[in-house]
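What follows is a single structure, written as structure tokens, with notes after it.
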Amino acid sequence: MSYNYLFKLIIIGDSGVGKSCILLQFTDNRFRKDHDLTIGVEFGAKLIDIKEKKIHLQIWDTAGQENFRSITRAYYRSAAGALLMFDLTRRESFDKLSDWLQETLENGNPHMVIVLVGNKLDLEEERQVEYSEAEAFAKANGLVYLETSALTGHNVQEAFLAVGEQIIDKVESLRVDPKIENYGVKLGVKDPKTKKKKCCK
């Protein structure tokens, strides 16, 4: 498998906002309704195209429960980007975003890209957080904001692309050096099968 860059991402937010479901929808194009709460961290990966480059995303889905926070904080340090998620139908998950953002800024590297994601858009009739309110929070903190549905797949791909595109911009503008391991970006590898054989005379 050949790719230009490897990006390490994390998904953070309160327990039950749909972090594991959005990862499963992104990597496997499916939704599992009876998903158990994450214990510690779960892992997913996918190869995608961003700005004409092959990007290998390594994604760590972190547990939202307080008793696992000491474990999940270790994953912040080596992540290039994060999806900061809340549940559109649970205001308390939105109210805790400032705490999650502060924790990310304190534990992550200074160049980490963070995209705000309001999940469960399919439950529009149960919405407790308006788009304008979440967008205002995102703008105040310099974040991109997207609303998703892990059930239908709406905007799920776009959320991960939004993170990846910003990381690419930082790499190409030399603000992030792939050779510095703590930034969560690595130079890619070439598949040996794609190498041309030398011709013998």
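Quick notes on this structure:
- Unique residue being in contact (Cβ under 8 Å) with a residue 40 or more places away in the chain, surrounded by 13 or more Cβ atoms within 10 Å (Cβ to Cβ) and closer than 20 Å to LYS51 by Cα when the list is VAL163, VAL144: VAL163
- The residue list LYS179, LYS193 contains one member that is in a helix (DSSP H, G or I) and either surrounded by fewer than 19 Cβ atoms within 10 Å (Cβ to Cβ) or modelled with pLDDT under 90 (or both), which is LYS193.
- Single residue of THR104, THR72 found to be within 28 Å of LYS179 (Cβ to Cβ) and either modelled with pLDDT of 90 or more or among the hydrophobic types (A, V, I, L, M, F, W, C) (or both): THR104
- Flag for GLY108 being within 21 Å of LEU6 (Cβ to Cβ), among the small types (Gly, Ala, Ser) and crowded, with 21+ Cβ neighbours inside 10 Å: yes
- Look at (1) open to solvent by less than 80 Å² (accessible area, probe 1.4 Å); (2) in contact with an Asp or Glu (Cβ under 7 Å, 6 or more places away or on another chain) and you find that VAL117 fails only one, number (2).
- Helices (runs of 4 or more DSSP H) enclosed by the stretch 84-173 - at least 1 residues per element that are β-branched (Val, Ile, Thr): 97-107, 156-172
The values are calculated or read from the model by the stated rules, or taken from the named source; none is laboratory data. None of these values were measured; they are calculated from a predicted model. Cβ: placed from backbone, ideal geometry, glycine included. Neighbour counts: every protein chain shown. Accessible surface areas use protein heavy atoms only, side chains included; no ligands, DNA or RNA. Shrake-Rupley method; radii C 1.70, N 1.55, O 1.52, S 1.80 Å.
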